[in-house]
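The values are calculated or read from the model by the stated rules, or taken from the named source; none is laboratory data. Quantities reported herein were computed from a predicted structural model and do not represent experimental measurements. Virtual Cβ from ideal backbone geometry, glycine too; neighbours counted across all protein chains shown.
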Amino acid sequence: MTVFPTASQAVSLTAIALQTRQAAGALAGLSSEAKNGAIEAIAAALEAHESEILAANQADCEAALAEELAKPLYGRLKLDAVKLKGAIAGVRDVAKLPDPVGTVQINRELDEGLILQRVACPLGVLGVIFESRPDAVMQISSLAVKSGNGVILKGGKEAVRSCQALVKAIKQGLETAGVDPAAVQLLTTREETRALLQLDGFVDLIIPRGSNSFVRYVQENTRIPVLGHADGICHLYVDAAADLAQAVAIAVDAKAGYPSACNAIETLLVHRGVAATFLPQVAEALQAAGVKLRGDEATRAVLPDIAAATEEDWATEYSDLILAVKVVDSLEAAIDHINRYGSRHTDAIATQDPQAAATFMNQVDAAGVYHNCSTRFADGFRYGFGAEVGISTQKMPPRGPVGLEGLVTYKYKVVGKGHIVATYSGEQAKPFTHRDLG
């Protein structure tokens, strides 16, 4: 049963959203230099508050252990000095990116003296709801400032102290740069999340980052457009023509490097023609990295000591050191399996056959399709986006890692010299020139 916010909660959050919208309006009018200055000020403030931020995260981690938070969520929650330093570097990288706002996408003469331009502009106010990862606060805030958007953040309760310390520093950085700190807001309660979903007059886009059921809940309980990122059920298919040593390295990196990441593989598909040779090699390497394997009947014929996989395993995002393994008869069978059980996130093929690679990349329905590389490259920072607000698994754009380009829309600007439509209508209608001006 849906529980709606009380009137007082709704009024309070409406006031916050109004402040954010006003701050976003001012932010949208800033020059690239001013926005970059604000981002640098945010990075400096985060550095200045390092000890406070790490102490807050330590308190969150201790509470999470006491409450037996799920292992994958705990992995995402932990923020040490190295991770914080990397996140701050990512903030500064956003300042180096080209400003998408004001980009002229179309510049066209409709007729002499009548000019049409399509110009990129900010969306307005973003509502971002996420679990655990406090580093997302820094990524999202810097991207919002660069794209001229206000943002209302709602982290999970397990990260509330970390998020509060981070947003405090971010607001101080904005204020130092002369930018209204109301451009970045933080919510801390579940009731505020429900109230946020009702603010279609103030919030322009909701970005939920969490479980499939949570994303579905958000989509079903708001009129605000939703950019959905749910499960990360990613696959690696090892083809009959694969370089097996290369495929082993890719599999270990894609599973064991950071198993709680949404771009880690959850299922390994192996062509029957190489299964007897490849499976013992990859099993040894994966198990040495602490990965527990679950296999279908054909896999267990080669690896009899591993657990049996069930139908449920093919549709499970473990976010842990667990990997489902299945032997398939053909490239087509691998593609069919991925399109049936995958989450349209990222899927890879290991093969030396360019035609097989092309078929896989054309027919697999996913935001990212890779050839001879780890699915772990599915990341806004690694794509050169500076950071990301999330990874969209929907078909409509933006799709995949969403950086600055996914946080702007556009408007059509037409400038004339007294032109009227009647000139171009009727029997004596004047033709349009429709000449692109470059």
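Residue check, Q363 against (1) under 14 Å from D239 (Cα atoms); (2) within 26 Å of the chain's Cα centre (by Cα), all met but one. Which one?
The one condition Q363 does not meet is (1).
Has region 351-358 got at least one residue that is under 27 Å from K96 (Cα atoms) and buried (at least 16 other Cβ atoms within 10 Å of the Cβ)?
Looking for residues that are under 27 Å from K96 (Cα atoms) and buried (at least 16 other Cβ atoms within 10 Å of the Cβ), one finds none in region 351-358, hence no.
Regarding region 23-36, can at least one residue be identified that is out of contact with any Ser or Thr (no Cβ under 8 Å at 6 or more places or on another chain), crowded, with 17+ Cβ neighbours inside 10 Å, among the basic types (K, R) and more than 17 Å from Q164 (Cβ to Cβ)?
Within region 23-36, one or more residues are out of contact with any Ser or Thr (no Cβ under 8 Å at 6 or more places or on another chain), crowded, with 17+ Cβ neighbours inside 10 Å, among the basic types (K, R) and more than 17 Å from Q164 (Cβ to Cβ).
Report, by residue number, each residue of region 46-69 that is surrounded by 15 or more Cβ atoms within 10 Å (Cβ to Cβ) and of a type in the set (A, V, I, L, M).
L46, I53, L54, A56, A63, A64, L69
Which residues, taken from region 312-359, are in a strand (DSSP E or B) and not basic (K, R)?
I322, L323, A324, V325, V327, V328, T346, D347, A348, I349, A350
Can you tell me which condition C373 does not meet? The list is (1) touching a residue at least 60 places away in the same chain (Cβ under 8 Å); (2) outside the structural domain of G257 (by TED's automatic domain parsing); (3) over 12 Å from the mean Cα position of the chain (by Cα), and all the others hold.
(2)
Taking interchain pairs and intrachain pairs at least six residues apart, which have beta carbon atoms under 8 angstrom, with the first residue in region 388-404 and over 13 Å from G368 (Cβ atoms) and the second at pLDDT below 85 and surrounded by fewer than 24 Cβ atoms within 10 Å (Cβ to Cβ)?
Hits for this filter: Q394/G228; G403/G386; L404/G386.
If you take the residues in region 326-350 that are within 29 Å of the chain's Cα centre (by Cα) and of a type in the set (S, T, Y), which one is surrounded by the fewest Cβ atoms within 10 Å (Cβ to Cβ)?
Y341
Scan region 187-207 and tell me whether some residue there is in contact (Cβ under 8 Å) with a residue 40 or more places away in the chain and in contact with a His (Cβ under 8 Å, 6 or more places away or on another chain).
So far as region 187-207 goes, yes, one or more of its residues are in contact (Cβ under 8 Å) with a residue 40 or more places away in the chain and in contact with a His (Cβ under 8 Å, 6 or more places away or on another chain).
Given the residues Q246, Q185, which is the only one that is among the polar types (S, T, N, Q) and surrounded by fewer than 20 Cβ atoms within 10 Å (Cβ to Cβ)? Full working, then the answer.
On the way: Q185 fails: surrounded by fewer than 20 Cβ atoms within 10 Å (Cβ to Cβ).
Answer to the selection: Q246.
Can you find a residue that is touching a Lys or Arg at 6+ places or on another chain (Cβ under 9 Å), within 21 Å of L196 (Cβ to Cβ), in a loop (DSSP other than H, G, I, E, B) and in the same structural domain as P98 (by TED's automatic domain parsing) anywhere in region 138-152?
yes
Can you pull out the residues in region 36-71 that are polar (S, T, N, Q) and out of contact with any Lys or Arg (no Cβ under 8 Å at 6 or more places or on another chain)?
Result: S51, Q58.
Restricting attention to region 153-178, report how many residues are assigned to a helix (DSSP H, G or I) and without any contact (Cβ under 8 Å) to a residue 60 or more places away in the chain.
So in region 153-178, the residues assigned to a helix (DSSP H, G or I) come out as 157-176.
Add one more test, that the residue is without any contact (Cβ under 8 Å) to a residue 60 or more places away in the chain, and what stays is 157, 163, 167, 171, 175.
Residues that pass the stated criteria total 5.
Matching residues to (1) within 30 Å of the chain's Cα centre (by Cα); (2) within 19 Å of N339 (Cα to Cα); (3) not assigned by TED's automatic domain parsing to the domain that holds A264; (4) not basic (K, R):
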| residue | (1), (2), (3), (4) |
| --- | --- |
| G290 | yes, no, no, yes |
| T299 | no, no, no, yes |
| L303 | no, no, no, yes |
| E312 | yes, yes, no, yes |
| Y318 | yes, yes, no, yes |
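Looking only at residues that are surrounded by 23 or more Cβ atoms within 10 Å (Cβ to Cβ) and of a type in the set (A, V, I, L, M, F, W, C) in region 365-384, which one is nearest to A144 (Cα to Cα)?
Taking the candidates together, the pick is A378.
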